[in-house]
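A short worksheet on the structure shown next.
The values are calculated or read from the model by the stated rules, or taken from the named source; none is laboratory data. For clarity, every value in this text was computed on a predicted model and none was experimentally measured. Note: ideal-geometry Cβ built from the backbone for every residue, glycine included; neighbour counts use all protein chains shown. The protein model used for the area step is the full one, side chains on, heavy atoms only, and it has no ligands, DNA or RNA in it. Shrake-Rupley method; radii C 1.70, N 1.55, O 1.52, S 1.80 Å.
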Amino acid sequence: MRSGEVLTLFIWMHCLLASYKVIATTEPTTATNIFGKKTDFKDIESKFALRTPNEPDEDTCYLIPGQEHSIAECNFNQTSKTFVVIHGWTVTGMYESWVPKLVDALYKREPDSNVIVVDWLSRAQQHYPISAGYTQLVGQDVASFIDWMEEELNYPVDNIHILGYSLGAHAAGVAGSLTKNKVNRITGLDPAGPSFEYAEISVTLSPDDADFVDVVHTYSVGTPDRSIGIQRPVGHIDIYPNGGNFQPGCNIGETIRLMAEKGLRGFIDMDQIVKCSHERSIHLFIDSLLNEEKPSMAYRCNSKEAFDKGLCLSCRKNRCNTLGYKVNKIRGKRSAKMFMKTSSQMPFKVFHYQVKVHFFGKKNLTVTNQPLLVSLYGTKGESENRPLRLAEMSSNKTYSYLIFTELDVGELLMLKVKWEKESFFSLSDWFTTYAFDIQKIRIKSGELQKKLVFCPENGKHATLTRGKGSVVFVRCNENSIMKNHE
């Protein structure tokens, strides 16, 4: 069994889902029909805590639908924007640690705003299928609350931005579909997959639920409806950091290491590893709030495979966008799937490069799964020994690859390429020289939207040999000035 399958199996055991058939339309017996409009605020079970910058981790004051005096008591700012945060499923019945972090980051970016945390903990701590059904009731609660704010206080829904995580993203979608007027924006942070992958849009997040819907998918691993995060696009823009796969720093190897080193404590900590990729969506958004000067860029692409070849680094015709708070609100006829790479910790921004190279050879040679190291040197710094594993290298063929680095090296001046030898001993190395000639390397920068051509430092071609030293390339004389993408 592969490592990804092991982790997926553990997650399903961890979430108590294995013995249930999860159905999106599951409703508790006390549910109100989703298409019915609540008229009695006493039916609302969700609580709306207006948190403060001084106490981002405490629910000190509640806005109560139907009770206008709660607005003044909680010092609600009626002239500023409002963020509505909806949490997801919980095993403990308590808020998770990301909630105050997001609240704090929102206030740091928008000090005069209102940050409201929707408390549906009592419903969120049930068996997952039951909590999944409750998202419809939570969505109705939130919609009634927003309509009350608009009708009784004349508060503009254009000032409302809902942020929903996991199950909370679908609750946000239900809320947006039921409000009298559409809210300005809904951000779906890795919307839950089980029970929602094939569900009707009336019970899931969808582009129709707000003027603009942006979605971040960080854990869409496994077969559909067995993926913790939903795989299909559900917004105007759907961004898949690292392909929506296991996020950097959240791998199975780290899980096993914790168990080996810490025993029982490691098993407890493993819960955080399990949630790591799922919650990364939240921390990417927090990063966009706190590190405004380091925006993470995503690029439209038809598939993860094409993106990993560096084929999708264009910004023409809105093909790129910024992840998070300052996303460019582009609403197309269909969802724009976008991809990006990130680092393993905040700030998550990286710089993307396409490397395009043609391998020459006097004799036919094809090798697969080869490790290379690429070093980038620029006007601002250097990023050395970036690993690049090539699925194939073959004589007289052109290949395109994606590399990325956390460091902003500025305008590229030079690069080095080294073909590493595999760690295991191979008799073929005694009888065959593994080498390719390279005349030029073409580089495209996603962040700078520039392209460069690099030539061998010495001579008209350079020979890249497995197990030998680095080959140096410098900017070709005729391309010493950066050009815009065609």
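Quickly run through region 169-178 and pick out the residues that are farther than 19 Å from ASP40 by Cβ and either open to solvent by 10 Å² or more (accessible area, probe 1.4 Å) or under 16 Å from the mean Cα position of the chain (by Cα) (or both). Can you show your working first?
Just the residues of region 169-178 that are farther than 19 Å from ASP40 by Cβ, to begin with: 169-173, 176-177.
Selection gives ALA169, SER177.
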Complete set of residues in region 389-412 that are closer than 18 Å to VAL472 by Cβ and surrounded by fewer than 16 Cβ atoms within 10 Å (Cβ to Cβ): GLU411
Within the bounds of region 224-231, is there any residue that is surrounded by fewer than 24 Cβ atoms within 10 Å (Cβ to Cβ) and either basic (Lys, Arg) or under 21 Å from THR322 (Cα atoms) (or both)? yes
Filter result (among the aromatic types (Phe, Trp, Tyr) and in a helix (DSSP H, G or I)) within region 84-124: TRP98, TYR107
Scanning region 138-158 residue by residue, those open to solvent by 20 Å² or more (accessible area, probe 1.4 Å), in a helix (DSSP H, G or I) and either polar (S, T, N, Q) or closer than 18 Å to ASP211 by Cα (or both) turn out to be GLU150, ASP158
Just a yes or no: is a residue in region 141-152 of a type in the set (Phe, Trp, Tyr) and more than 22 Å from the chain's Cα centre (by Cα)? yes
Return the total of residues in region 184-215 being assigned to a strand (DSSP E or B), farther than 19 Å from ASP147 by Cα and charged (D, E, K, R). 1
Selection over region 326-362 where residues are among the aromatic types (Phe, Trp, Tyr) and over 13 Å from the mean Cα position of the chain (by Cα) yields a count of 4
Among the strands (runs of 3 or more DSSP E) confined wholly to region 272-373, which include 3 or more residues that are over 30 Å from HIS461 (Cβ atoms)? 297-300, 320-322, 336-340
Please determine whether any residue of region 328-337 is open to solvent by 80 Å² or more (accessible area, probe 1.4 Å), in contact with an Asp or Glu (Cβ under 9 Å, 6 or more places away or on another chain) and not small (Gly, Ala, Ser). yes
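Does GLU384 qualify as being under 28 Å from the mean Cα position of the chain (by Cα), under 30 Å from LEU289 (Cα atoms), free of Cβ contacts under 8 Å to residues at least 60 places away in the same chain and open to solvent by 80 Å² or more (accessible area, probe 1.4 Å)?
Yes, satisfied.
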When you check THR32 against the structure, is it assigned to a helix (DSSP H, G or I), at pLDDT below 50 and of a type in the set (Ser, Thr, Tyr), yes or no? no
Sole exception among (1) under 20 Å from TYR325 (Cβ atoms); (2) open to solvent by 10 Å² or more (accessible area, probe 1.4 Å); (3) in a loop (DSSP other than H, G, I, E, B) for ASN181, by number: (1)
Can you confirm whether SER227 is assigned to a loop (DSSP other than H, G, I, E, B), over 19 Å from VAL142 (Cβ atoms) and within 19 Å of the chain's Cα centre (by Cα)? yes
Looking at region 204-221, is at least one residue modelled with pLDDT under 90 and open to solvent by 10 Å² or more (accessible area, probe 1.4 Å)? yes
Checked against (1) within 25 Å of the chain's Cα centre (by Cα); (2) over 19 Å from ILE44 (Cβ atoms); (3) open to solvent by 20 Å² or more (accessible area, probe 1.4 Å), TRP98 satisfies every condition except (3)
Looking at region 361-372 only, could you name the residues that are surrounded by 14 or more Cβ atoms within 10 Å (Cβ to Cβ) and out of contact with any Leu (no Cβ under 7 Å at 6 or more places or on another chain)? GLY361, LEU365, VAL367, PRO371
Return yes or no: is ASN77 under 27 Å from ASP287 (Cβ atoms), touching a strand residue (DSSP E or B) at 6+ places or on another chain (Cβ under 6 Å), part of a loop (DSSP other than H, G, I, E, B) and not β-branched (Val, Ile, Thr)? yes
Conditions first: (1) open to solvent by 50 Å² or more (accessible area, probe 1.4 Å); (2) closer than 30 Å to ASN321 by Cα; (3) without any contact (Cβ under 8 Å) to a residue 40 or more places away in the chain; (4) part of a strand (DSSP E or B). LYS444 passes all but one, so which condition is the exception? (3)
